[in-house]
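A short write-up of the structure that comes next.
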Amino acid sequence: MAQTVAAFKVDYFQFLKPDGKLVEDQQIPALARDHDRLVELYKLMVLTRTFDKKAVALQRTGKLGTYASCLGHEAAHVAIGAAMREEDCFAPMYREYGAQFCRGVKMSEVLMYWGGDERGNNFSGPAHDFSWCVPIATQCLHAAGAALAYKLRKEERVAVSVVGDGGSSKGDFLEAINAGSAWKLPLVLVIVNNQWAISVPRSKQNTAATLAQKGIAGGLPSIQVDGNDLIACLWAMEKAVNAARSGKGSFVIEMMTYRLSDHTTADDARRYRPSDEVDDAWDKEPVKRLKAYLIDQGAWDEEREAELLEECSRWVQQAADEYVEQVENHPEGVTAMFDYMFAELPHDLAEQREYAQRFPEDGGHH
Amino acid sequence: MAEITLIEGVTMALARAMEEDESVVVLGEDVGVNGGVFRATAGLHQRFGDDRVIDTPLAEVMIAGTTVGMAAQGMKPVAEAQFCGFTMPMIDHIMCHAGRLRNRTRGRLSCPMVLRFPSGGGIHAPEHHSESPEALYAHMPGIRVVIPSSPSRAYGLMLAAIRDPDPVIFMEPKRIYRWQKEEVVDDGEELPLDVCYTLRDGNDVTLVTWGAMIKETMQAADELEAQGVSVEVIDVATISPLDMETIIESVERTGRCVIVQEAPRHCSVASEIAAGLADAGVWHLHAPVKRVCGYDVVMPLYRNEMKYMPSVKRIVHAVQQVLEVS
């Protein structure tokens, strides 16, 4: 006769509904009443959205290379950054700008990276943070390695990594769960589930009821939250980060959100995605939701909103100007590609470096 | 002073490096209590404990990825892969991250890791245990590839690899793990990376090789010397970056060169050395450069593997061919 030897459940948390009202019959976390903090995070979400719009515009006008938009992910990303301390380590994928702005990365540096200039990777955030990771899910293992280093050195630091719903199919993600579990690492893995891995919908990636349960399979506490609800995202992140810091091991959080934009500026989501699905997602998006809540609470108003939008536009324009000034007026020389390959330039590269200096003109035009 | 084997040279260097720098940790499958499948980490777990000698879950990608992560956060991890064929899943992290980290962050992050593994054939191992993938790793920018060929070089080069501020692939020629014993002083002295070692001086022909093929190459040199041919033998030791200067300087004197490698010939390290000689040393060559290599085939299972490997006879034959050209 069969016996149940293990049983699991995945809890879903939402505190702020799409209409900006708090859900009823639930233990609402105290941070929902911390209006000053929520206003600060709201400002960051609006700044991130303004930045994103500008970056797409710069790409469309030929001033930026391919760019990965973060439209619709603002609550998830800002919550991730806001829950972390300076000494913690962030291993992002390539669209978590909101989190990175929290950590001190400059907007002009993000633009430099997508503008094809490696100096953007040498950003102003914590020097130990990893930079953007284009190969999918490999960053989860770098975070696991960072967490292992912190654990071995007995430092109270946490490593946080983000993966998409598509990336959760990769072995690296599952191996990071395994490492977190086997070694009880101070590691938080966040699946920002935006429903689309470029053109492949969530339904074609996996038939599991949740992606969070992949963490449960590896032995990690795993939950799902509404990724457009800043309060839920921040509550879950703080809980996980604090627990990881105090030696309770690793956690998986699946944040349910939606990619309102194309995958990147090289993609056209209209080719594969029904417009009514996108329209529906706009009704649930995170910025409008938090704004409605803050206004309802008397913590925000349209006058301050107008000021904020004006301020954000100014800051973003300033960042764009800084970026253009830097890459156009102070371009990196041909030798830079050699100079950082090794701590000390090997003799064979020294030879190639010297050759490159003699022929610095561009090739490969199309 | 102890007489030790090549693999004991590796162990001695690991212990010395762990003793002098507590950020050095060893990790891999079975490296702890068991001391590694070849015993390269024997005794380290007992001496340094769980936090320094870490048995990992059986997951090569995880070993590579976490090693990159640890190295980027200021540790000096020395990861073991059990066999060369099992490093193939690790290549993503080595190429896409370890080799790029310093450059892509303009020096903000670096990756001072060592990935060490037994490579090459000749021990009657199962499939996927006997490949010689040095050209794969040498093709990756930002990676050092080191192959020792004696107990003292295993000790000195491993110490240098661990202390190096950049990622090093350390390929151990397992066929000669216990072939010879040598007196090695455990004095913490490293040997220089990025240089070739001239093992034998000669005037008529230069033999260039590395790793386990040192064995057949030295035997061929002995045979040729008996025939009155003066042979210079160069052990490349660091495959990438390649010290072409030492090889060219030798060939400028001898005028003839045969390169011996166990790996397949196509797009290989032997090809790169031959191209380097064509580029810089052609006016000093009296004969075409010859390569004696493994064949461009899948490494055979053990009943045929020795037919794949370059033999003393093949090396002597190639030398005779280059000597025939006047």
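The values are calculated or read from the model by the stated rules, or taken from the named source; none is laboratory data. Just so you know, these numbers come straight off a predicted model, no measurement behind them. Backbone-built Cβ (ideal geometry, glycine too); neighbour counts: all protein chains shown.
Given A:V287, A:V252, A:V225, which one is of a type in the set (A, V, I, L, M) and farther than 22 Å from A:A137 by Cα? Within the list A:V287, A:V252, A:V225, the selection yields A:V287.
Among the residues of the stretch A:340-362, which ones are part of a helix (DSSP H, G or I), buried (at least 16 other Cβ atoms within 10 Å of the Cβ) and within 12 Å of chain B (Cβ to nearest Cβ)? Result: A:D348, A:L349.
The single condition among (1) more than 22 Å from the chain's Cα centre (by Cα); (2) of a type outside the set (D, E); (3) surrounded by fewer than 22 Cβ atoms within 10 Å (Cβ to Cβ) that B:R256 does not satisfy is (3).
Taking the stretch A:134-150 as the range and being among the polar types (S, T, N, Q) and at the interface with another protein chain (Cβ under 7 Å from one of its Cβ atoms) as the test, only A:T138 passes.
Across the stretch A:151-172, the qualifying residues are those that are over 16 Å from the mean Cα position of the chain (by Cα) and either under 24 Å from A:N194 (Cα atoms) or free of Cβ contacts under 8 Å to residues at least 40 places away in the same chain (or both), and the one among them that is farthest from the other protein chains (Cβ to nearest Cβ) is A:S169. Are there any pairs, at least 6 apart or on different chains, whose C-beta atoms fall under 9 Å, with the first in the stretch A:70-89 and more than 15 Å from A:L31 (Cα to Cα) and within 14 Å of another protein chain (Cβ to nearest Cβ) and the second assigned to a loop (DSSP other than H, G, I, E, B) and polar (S, T, N, Q), and if so, which? Taking only residues 6 or more apart or on different chains, the pairs are A:C89/B:Q73. If you check B:C267, B:C257 for being touching a His at 6+ places or on another chain (Cβ under 9 Å) and at pLDDT 95 or above, only one passes: B:C267. Of the helices (runs of 4 or more DSSP H) lying entirely inside the stretch A:49-152, those containing at least 2 residues that are over 22 Å from A:A240 (Cβ atoms) are A:107-114.
Checking each residue in the stretch B:296-316 for being within 23 Å of B:G276 (Cβ to Cβ) and of a type outside the set (V, I, T) picks out B:D296, B:P310, B:R314. In the stretch A:295-309, the residues that are among the polar types (S, T, N, Q) reach residues that are surrounded by 15 or more Cβ atoms within 10 Å (Cβ to Cβ) and in a helix (DSSP H, G or I) with C-beta atoms within less than 8 angstrom, at least six apart or across chains, in these pairs: A:Q297/A:H35.
Of all residues in the stretch A:273-296, exactly one satisfies the criterion of being more than 16 Å from A:K43 (Cα to Cα), outside any helix (DSSP H, G or I) and not basic (K, R), namely A:P274. For the stretch A:236-277, the tally of residues that are under 20 Å from the mean Cα position of the chain (by Cα), closer than 30 Å to A:L152 by Cβ and either hydroxyl-bearing (S, T, Y) or crowded, with 17+ Cβ neighbours inside 10 Å (or both) stands at 12. Of the set (1) more than 9 Å from chain A (Cβ to nearest Cβ); (2) outside any loop (DSSP other than H, G, I, E, B); (3) under 20 Å from the mean Cα position of the chain (by Cα); (4) within 14 Å of B:V114 (Cβ to Cβ), all apply to B:M18 but (3). Condition check: closer than 15 Å to B:I143 by Cβ and away from chain A (no Cβ under 11 Å). Does B:T67 satisfy that? No; evaluated as a whole, the condition is false for this residue. On the given criteria, is B:S132 closer than 21 Å to B:V10 by Cβ and either surrounded by 20 or more Cβ atoms within 10 Å (Cβ to Cβ) or modelled with pLDDT of 95 or more (or both)? Spelling it out, B:S132 is indeed closer than 21 Å to B:V10 by Cβ and either surrounded by 20 or more Cβ atoms within 10 Å (Cβ to Cβ) or modelled with pLDDT of 95 or more (or both). Considering each residue of the stretch B:118-125 in turn, at least one proves to be outside any strand (DSSP E or B) and in contact with a His (Cβ under 9 Å, 6 or more places away or on another chain). All of B:A226, B:A237 fail the test of being modelled with pLDDT of 95 or more and crowded, with 20+ Cβ neighbours inside 10 Å, apart from B:A237. Can you name the residue in the stretch B:87-124 that is surrounded by fewer than 20 Cβ atoms within 10 Å (Cβ to Cβ) and aliphatic (A, V, I, L, M) and, of all such residues, is farthest from the other protein chains (Cβ to nearest Cβ)? Checking each candidate, the answer is B:I123.
Conditions (1) assigned to a loop (DSSP other than H, G, I, E, B); (2) among the small types (G, A, S), marked per residue:
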residue	(1), (2)
B:I162	no, no
B:P165	yes, no
B:G188	yes, yes
B:L193	yes, no
B:T206	no, no
B:Q219	no, no
B:V229	yes, no
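For A:V192, the stated conditions do not hold, so it cannot be described as more than 10 Å from every other protein chain (Cβ to nearest Cβ), hydrophobic (A, V, I, L, M, F, W, C) and surrounded by fewer than 21 Cβ atoms within 10 Å (Cβ to Cβ).
Just name the residue that is farthest from the other protein chains (Cβ to nearest Cβ) out of those in the stretch B:70-86 that are in a helix (DSSP H, G or I) and within 18 Å of B:G36 (Cβ to Cβ). Once the filter is applied, the top-ranked residue is B:C84.
Considering only the stretch A:95-130, state which residues are under 13 Å from A:V160 (Cα atoms) and either more than 9 Å from chain B (Cβ to nearest Cβ) or free of Cβ contacts under 8 Å to residues at least 24 places away in the same chain (or both). Correct list: A:E96, A:A99, A:Q100, A:R103.
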